[in-house]
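One structure below.
The values are calculated or read from the model by the stated rules, or taken from the named source; none is laboratory data. Fair warning: this is a prediction, and the values are worked out from it, not measured in the lab. Heads up, the Cβs are rebuilt from the backbone with ideal geometry, glycines too, and the neighbour counts pull from every protein chain shown. In case anyone asks, the SASA skips ligands and DNA or RNA and just uses the protein heavy atoms, side chains included. Shrake-Rupley method; radii C 1.70, N 1.55, O 1.52, S 1.80 Å.
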Amino acid sequence: MTHFTRGAALALCTLLAACQSAAPTVPATSAKLSQPVQLNFAGYVNGEPFVCGRSYDKVGSAASRITPTDFRFYVSDVALLDAAGHATPLTLDQDGAWQYRNIALIDLEDGAGPCRNGTVATHPQLTGHVPPGDYRGVRFTVGLPMALNHADVTQAPPPLNLTAMFWNWQAGYKFFKFDASVAQPASAGNTRRAGFPVHVGSTQCSAESPTSPATHCRNGNRVEISLSPFDPARHTIEVDIGRLLAHTDLSRNTPGTAAGCMSAPDDPECNPLLREYGLPFAGQPALPQQLFRVR
């Protein structure tokens, strides 16, 4: 055992005090340079929680019975808004699965039952960081930026590697995808199930050659969503497909056109659906978007 004399102990105490006084102090204000944020999304059909395998009645203008089979969408350029409406970008966590650069996939389906073409894993939230501040709202774009929209899906990083969310080389990705089967009366008295997909993405895209990615799309079909008041700690972003389909007759489809709404500029089933999604369509202006609300 080591023994200290009274003098040695005093010397040691003096040395420790000098070291402590020489140590730099960290200002309290620099202890936390950013604050974590989680934005939660939840799917609904006319106010009822979205669940794979569940059927919903009285959907659309013809009060149809639907069974959803898919529900997912890409968001980009997420930002929080202060009381004056000034935007602060959310730096997304790079998780290697759902979030990449400034884009993320919100996946509300779980691959169960009729959603068998989806994935078991879900992703109903975004996570990231912002500088400390008093934030009162949120803003994001449904869609992908042009630079990420046209690529080789087989070589793309997650979440851009899902072929189910890809249209083709020139049109790029499906920004928003909701699929459902619709029970319709048949002349024999039974029911016939027809599909009604809602796929929103860029259309009328052009490229320098058939094998090169598109460099321009006449209809970008990206929509910016702003929600306020919104507090990430207390609120959820409600995504209600029933509101979006409220004025759409799901029991019929115009002959010679694709099933449902595939964002084609001349597809009657896309009007007023796309206008209530927040996009101009067929020469008519966009209407207030009906899909996203604060809950």
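Looking at the range 256-285 only, could you name the residues that are touching a residue at least 40 places away in the same chain (Cβ under 8 Å) and either assigned to a loop (DSSP other than H, G, I, E, B) or touching a Pro at 6+ places or on another chain (Cβ under 7 Å) (or both)?
If the condition is that a residue be touching a residue at least 40 places away in the same chain (Cβ under 8 Å) and either assigned to a loop (DSSP other than H, G, I, E, B) or touching a Pro at 6+ places or on another chain (Cβ under 7 Å) (or both), then ALA259, GLY260, MET262, SER263, ALA264, PRO265, GLY278, LEU279 are the ones that fit.
Could you identify the single residue in ASN253, ASN221 that is in a loop (DSSP other than H, G, I, E, B), among the polar types (S, T, N, Q) and touching a Ser or Thr at 6+ places or on another chain (Cβ under 6 Å)? Spell out the reasoning first.
Values: ASN253 fails: touching a Ser or Thr at 6+ places or on another chain (Cβ under 6 Å).
Being in a loop (DSSP other than H, G, I, E, B), among the polar types (S, T, N, Q) and touching a Ser or Thr at 6+ places or on another chain (Cβ under 6 Å) holds for just one of ASN253, ASN221, which is ASN221.
When you scan the range 187-202, do you find a residue that is closer than 27 Å to LEU90 by Cβ and either free of Cβ contacts under 8 Å to residues at least 24 places away in the same chain or in a loop (DSSP other than H, G, I, E, B) (or both), even just one? It would help to see each step written out before you state the result.
Taking the range 187-202 and keeping what is closer than 27 Å to LEU90 by Cβ, we get 198-202.
Now drop any that are not either free of Cβ contacts under 8 Å to residues at least 24 places away in the same chain or in a loop (DSSP other than H, G, I, E, B) (or both), which leaves 201-202.
Looking through the range 187-202, at least one residue is closer than 27 Å to LEU90 by Cβ and either free of Cβ contacts under 8 Å to residues at least 24 places away in the same chain or in a loop (DSSP other than H, G, I, E, B) (or both).
Can you tell me how many residues in the range 57-103 are within 21 Å of the chain's Cα centre (by Cα) and within 19 Å of GLN184 (Cα to Cα)?
Of the residues in the range 57-103, 2 are within 21 Å of the chain's Cα centre (by Cα) and within 19 Å of GLN184 (Cα to Cα).
Does any residue of the range 213-236 turn out to be within 19 Å of TYR44 (Cα to Cα), small (Gly, Ala, Ser) and either more than 18 Å from the chain's Cα centre (by Cα) or at pLDDT below 95 (or both)?
Scanning the range 213-236 turns up no residue that is within 19 Å of TYR44 (Cα to Cα), small (Gly, Ala, Ser) and either more than 18 Å from the chain's Cα centre (by Cα) or at pLDDT below 95 (or both).
Is it the case that the range 48-62 has a residue that's out of contact with any Asp or Glu (no Cβ under 8 Å at 6 or more places or on another chain), closer than 23 Å to LEU144 by Cα and of a type outside the set (D, E, K, R)?
The answer is no, given that none of the residues of the range 48-62 is out of contact with any Asp or Glu (no Cβ under 8 Å at 6 or more places or on another chain), closer than 23 Å to LEU144 by Cα and of a type outside the set (D, E, K, R).
Residue check: is THR248 at pLDDT 95 or above, farther than 30 Å from LEU81 by Cβ, among the β-branched types (Val, Ile, Thr) and part of a loop (DSSP other than H, G, I, E, B)?
Numbers: at pLDDT 95 or above: yes; farther than 30 Å from LEU81 by Cβ: yes; among the β-branched types (Val, Ile, Thr): yes; part of a loop (DSSP other than H, G, I, E, B): yes.
When the stated conditions are applied, THR248 passes them.
Search the range 146-163 for residues that are under 16 Å from GLY96 (Cα atoms) and open to solvent by 40 Å² or more (accessible area, probe 1.4 Å) and pair each with any residue that is among the β-branched types (Val, Ile, Thr) and in a loop (DSSP other than H, G, I, E, B) when their beta-carbon atoms are under 7 Å apart and the residues are at least 6 apart or on different chains.
Filtered contacts from the range 146-163: ASN161/VAL153.
Pick from THR203, THR191: which is modelled with pLDDT under 95, within 16 Å of ILE66 (Cα to Cα) and of a type in the set (Val, Ile, Thr)? Let's see the steps before the verdict.
Numbers: THR203 fails: within 16 Å of ILE66 (Cα to Cα).
Just one listed residue meets the conditions, THR191.
Scan the range 242-270 for residues that are over 18 Å from ALA286 (Cβ atoms) and open to solvent by less than 10 Å² (accessible area, probe 1.4 Å) and jot them down. Talk me through it step by step, then tell me what you get.
Within the range 242-270, the subset over 18 Å from ALA286 (Cβ atoms) is 242, 249-260, 262.
Correct list: GLY242, LEU250, GLY260.
Is there a residue being in contact with a Leu (Cβ under 7 Å, 6 or more places away or on another chain), at pLDDT 90 or above and open to solvent by less than 30 Å² (accessible area, probe 1.4 Å) anywhere in the range 174-188?
Restricting attention to the range 174-188, the residues satisfying the condition of being in contact with a Leu (Cβ under 7 Å, 6 or more places away or on another chain) are 175, 182.
Checking the rest, the ones that are also at pLDDT 90 or above come to 175, 182.
After this cut, where a residue has to be open to solvent by less than 30 Å² (accessible area, probe 1.4 Å) as well, the list is 175, 182.
Scanning the range 174-188, I find at least one residue that is in contact with a Leu (Cβ under 7 Å, 6 or more places away or on another chain), at pLDDT 90 or above and open to solvent by less than 30 Å² (accessible area, probe 1.4 Å), so the answer is yes.
Restricting attention to the range 142-179, and to residues there that are among the aliphatic types (A, V, I, L, M) and part of a loop (DSSP other than H, G, I, E, B), which single residue is nearest to ILE241 (Cα to Cα)? It would help to see each step written out before you state the result.
Step one: list which residues in the range 142-179 are among the aliphatic types (A, V, I, L, M), which gives 142, 144, 146-148, 151, 153, 156, 160, 162, 164-165, 171.
Okay, now just the ones that are also part of a loop (DSSP other than H, G, I, E, B), so 144, 151, 153, 156, 160, 162, 171.
Numbers: LEU144: 20, ALA151: 29, VAL153: 27, ALA156: 29, LEU160: 23, LEU162: 22, ALA171: 24 Å.
Among residues in the range 142-179 that are among the aliphatic types (A, V, I, L, M) and part of a loop (DSSP other than H, G, I, E, B), the one nearest to ILE241 (Cα to Cα) is LEU144.
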